[in-house]
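Chemist: Take this structure first; my questions come after.
Coordinate-derived values only; no laboratory data. Not measured: the values here are computed from a predicted model. Positions of Cβ are generated from backbone atoms using ideal geometry, with glycine treated the same way; all protein chains shown enter the neighbour counts.
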Amino acid sequence: MADSSESLLDSDSGRRETERLDIFWLGITIYSAGFTLSATTTVNAVFCQLVQILGIVLFIPTAARLVRWKFDSSYLKVIYVIYFGWVLFVFRGFSFDYEEVKKMLFDVDAGLFRFFVPLVLLFPKNIIYYKKIVRVIFILGIVFIIYDVLFIDNLMDLDQTNTATKFTFEHFTKMLSVPSGFILLTFLYHTNRRKVFAALVIVVSVTFAIIRARRALIFMNVTPLIIAYGLYLSTGKRKFIAIFFTALIGSALFLYGAKLFHEDRNGLFGLLTERMYEDTRTNVEVCLYNDMSTMDWFIGKGINGKYYCPDIDLEDTTGYRTMIETDYLNIILKGGVVNLGLILLMLIPAIFKGIFYSRNLLCKAAAIWILLWVIELYPTNVYSFSLNHIMVWMCVGICYSKTIRMLPESIVTDILSSDNIIVEKRVIFQ
């Protein structure tokens, strides 16, 4: 009788957890779709913000209920507590001005929520969690394709001085398409239909990135694709034959691509050719260096920190900028090297644990995802409130969990590839 009551209790608890996760991810999906819609500048801003508010109402309370103060590492716990203590210090200078509050709520790159993304690390680590995020990636991929069709004029406007369309594709990619790379990295656990769709999303994203000459976005999309293919070769049979034909086909494609690039330098690849060796970072980096004191480098300038860099932004009238395109410097601008250091102190051990001390592809892919995000801190802005960033901290939780790292590949495959998981008998990792 006691066992039956305990089973029922576990069942009710599991259903509540499932419902909270569903609502949380629904909120994240709605918020992401609302923000990217606003990035087009052709949809009413108030409507987009109302959509984002709906997302906020859904994900904040459920996130609070999903957090469990439990760690797989005493080291991680200490650094994590210090990090959030430092985040409170970074909030100094927070303004309750109406426009500032709107920015904090609705801007994924400069807003408030990006600082709280590491809370995802404290979410329950079980099968429901990891299966649901794949569905979210899939849904955002669908939204990406739909938005590409609806706003094709924005995407094909190559005028770099047109601020109304300049950042449309950048936000489409970072918010909606980049996470599809994780499906490719974890190819063992997904159906062919899902893998093909993820590859399609990446290919479409890379195509537009080439047309719009967004070098950082090309890197963000192509790198997971190449690594996933390398992982596929390493796990398959007849590796020598696979590698030989891959090299042969790859060489042919490279030669054909080089020929096509040379012949169409003023067409499809025109803007990319023009910007191939353009330096868009040094000037703003020098401005930031010149405007930072020793103390600023150490503790940052706070959540609304600025630096003097005139004649960069087309519509700027003050000469001061609140962000910089090199994201590791952006983190330093707000919270100093202390903030950046605390983040890296949590992420770097996770990378090593996942790659070198794990028995399954899930952990290795999680570690690779973290590593790619760390690398991407230099060429672009990824320290934002986006699924890409949320997944980084989900991956940190995976890599720090010795239980997950030691699971044999066969068990992980059975769990993640099955569509018939009974909640009462689910595998709970933590």
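Chemist: Per residue of region 171-181, in order, report the coupling 6.51 cos²θ - 1.76 cosθ + 1.60 (Karplus, θ = phi - 60°) as ³J(HN,Hα) in whole Hz, putting x for Gly and Pro.
Modeler: 6, 4, 5, 5, 8, 10, 9, 3, x, 4, x
Chemist: Could you list 414, 311, 107 in order of exposure, starting from the residue whose Cβ has the fewest other Cβ atoms within 10 Å?
Modeler: So the ranking, lowest neighbour count to highest, is 311, 414, 107.
Chemist: Additional query: For region 80-143, what class follows from the C-alpha gyration tensor (a ≥ b ≥ c being the square roots of its eigenvalues): rounded when a/c is under 1.5, otherwise prolate if a/b is larger than b/c, else oblate? Kindly include the intermediate steps, with their values, before the conclusion.
Modeler: Values: a/c = 4.29, a/b = 1.47, b/c = 2.92.
Since a/c reaches 1.5 but b/c is at least a/b, the shape of region 80-143 is classed as oblate.
Chemist: Still on this structure, I have one more. By its C-alpha gyration tensor, with a ≥ b ≥ c as the square roots of the eigenvalues, how is region 12-168 shaped: rounded for a/c under 1.5, else prolate for a/b larger than b/c, else oblate?
Modeler: Values: a/c = 2.14, a/b = 1.42, b/c = 1.51.
Oblate.
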